[in-house]
Amino acid sequence: MAKSRRSSVTLREVAQAAGCSKAVVSAVLNGSRGNIGASEQLRRRVTEAAQRLGYRTHFASQSLALQRTRTLGVYIDPLYGGGIAGHYHAAILSGIEAAAAEHRYDVLLVNFAGDTTVAGCIDKIGQARIDGLLLLHTGRNEMLIDAVLEATSKVVAIDTLDPPERIQAVSYDHAGAMRLAVDHLAGLGHRRLGYVGPFTTRPIPHNRARVAAFRAAAAESRLKIDDAAVFLDEQMREKLPQSPSSGAYAAERFLALPPAERPTALVVYNDRIAADLLARLQHAGLEVPRDVSLLNFENTPITRVTTPPLTCLDHPVTPMAHRGTTRLIELIESAGPDPGDPAADAADPWHRVFPAELILRGSTAPPPAGGRLPLSGSIPSHRSEDPE
């Protein structure tokens, strides 16, 4: 009968099975590659011996020995509602979890329900519950950033807007993305463009940034944007007796305009709004893209299954989150001077910007007769996808 595995297998037993010292086993199983020299062959032998014997690392002992918990904190700015909602946060967490798993770290959501204060987040750091912190789309929340940096230099912001130099960050080129969108639509001949944002109880910084980028890109292309065509920029739900969805309200406002004054193309904030808007326009008897083109600001599974599939801008939050998480682990495991030191930050603030990409599908086309704009300039770079 096979010998049953014990939960109390010791490092000494693993060392005897692997034919090496207890110190080497401890270093290999604790993941401290730089402390004790061991070849890859020896590391594999130790790992295989530990698996064969059923050795399990004791979390508290490992944390005490390493002076680290191997846990990363994730803080979602309450301004965005906190918690995990839809594809956006799921895609970010996918990138975070993948990078953490690659380096054998765990992830702790310190603001899952959106009600954890900054002080509560700082407490997690002070209690040594986490080794470092990932800030999700904080923007220039100076009070939050100052408070966190006073507690630890092991901080990386992900998908943040215009991050200050004192914090390490991964961000997205919103301005470049909107230029791609406007250039694409102008290149098709559209001269009347509109923007559809979220219909919320409070302003969303990312939406404000996209509206500003939309207006700037239109100005660069010498296109005039009528304020009546910027739907749901600062309209708040509490201003109306009823609270329709963003797509419903945008469709209602769009259809209320005289046909000759309607935008011939709309840039939309995200996939859920775009899918809702598309369905409501089609229900009203309009065809996309024959009567109006739609261009969405996210490339998600939803954008590929609508009819027609949505032309979109790729917002690569999963690789952005993966890179930001990897950078945070580099900061935690750095053996040199503290990368969060002000002098080091001044020399290299480490701010990585992910570029935009336009993905062509079936929801954009030249406008109806009378809405065309002569082609001018070069067509922006993009890739096309056939409808699935």
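For the structure I just gave you, tell me whether R166 is over 18 Å from H322 (Cβ atoms) and surrounded by fewer than 19 Cβ atoms within 10 Å (Cβ to Cβ). Criteria met by R166.
Criterion applied to E333, E234, E238 was being under 14 Å from Y195 (Cα atoms), surrounded by fewer than 20 Cβ atoms within 10 Å (Cβ to Cβ) and at pLDDT below 95, and the one residue passing it is E234. For the stretch 256-306, the set of residues classified as within 23 Å of G187 (Cα to Cα) and of a type in the set (S, T, N, Q) consists of T264, N270, S293, N296, N299, T303, listed by residue number.
Filtering the stretch 177-202 to residues that are touching a helix residue (DSSP H, G or I) at 6+ places or on another chain (Cβ under 9 Å) and open to solvent by 10 Å² or more (accessible area, probe 1.4 Å) leaves R179, L180, D183, A186, R192, P198, T200, T201, R202. The number of residues in the stretch 209-220 that are in contact (Cβ under 8 Å) with a residue 24 or more places away in the chain and open to solvent by 40 Å² or more (accessible area, probe 1.4 Å) comes to 2.
Residues that are modelled with pLDDT of 80 or more and open to solvent by 30 Å² or more (accessible area, probe 1.4 Å): list the helices (runs of 4 or more DSSP H) wholly contained in the stretch 1-93 that include at least 3 such residues. Working first, answer last.
Working: elements: 11-18, 22-29, 40-53, 59-66.
The helices (runs of 4 or more DSSP H) meeting that bar are 11-18, 40-53.
Look at (1) at pLDDT below 95; (2) surrounded by fewer than 21 Cβ atoms within 10 Å (Cβ to Cβ); (3) not in a loop (DSSP other than H, G, I, E, B); (4) not small (G, A, S) and you find that E388 fails only one, number (3).
The residues of the stretch 167-182 that are within 22 Å of I96 (Cα to Cα) and out of contact with any strand residue (DSSP E or B) (no Cβ under 6 Å at 6 or more places or on another chain) amount to a single one, H174.
For the stretch 184-228, filtered to residues that are among the basic types (K, R) and closer than 30 Å to L136 by Cα, the residue that is modelled with the lowest pLDDT is R202.
The values are calculated or read from the model by the stated rules, or taken from the named source; none is laboratory data. Keep in mind that what you see is a predicted model, and the values were worked out from it rather than measured. Using ideal geometry, Cβ is built from the backbone for each residue, glycine included, and neighbour counts are taken over all protein chains shown. Accessible surface areas use protein heavy atoms only, side chains included; no ligands, DNA or RNA. Shrake-Rupley method; radii C 1.70, N 1.55, O 1.52, S 1.80 Å.
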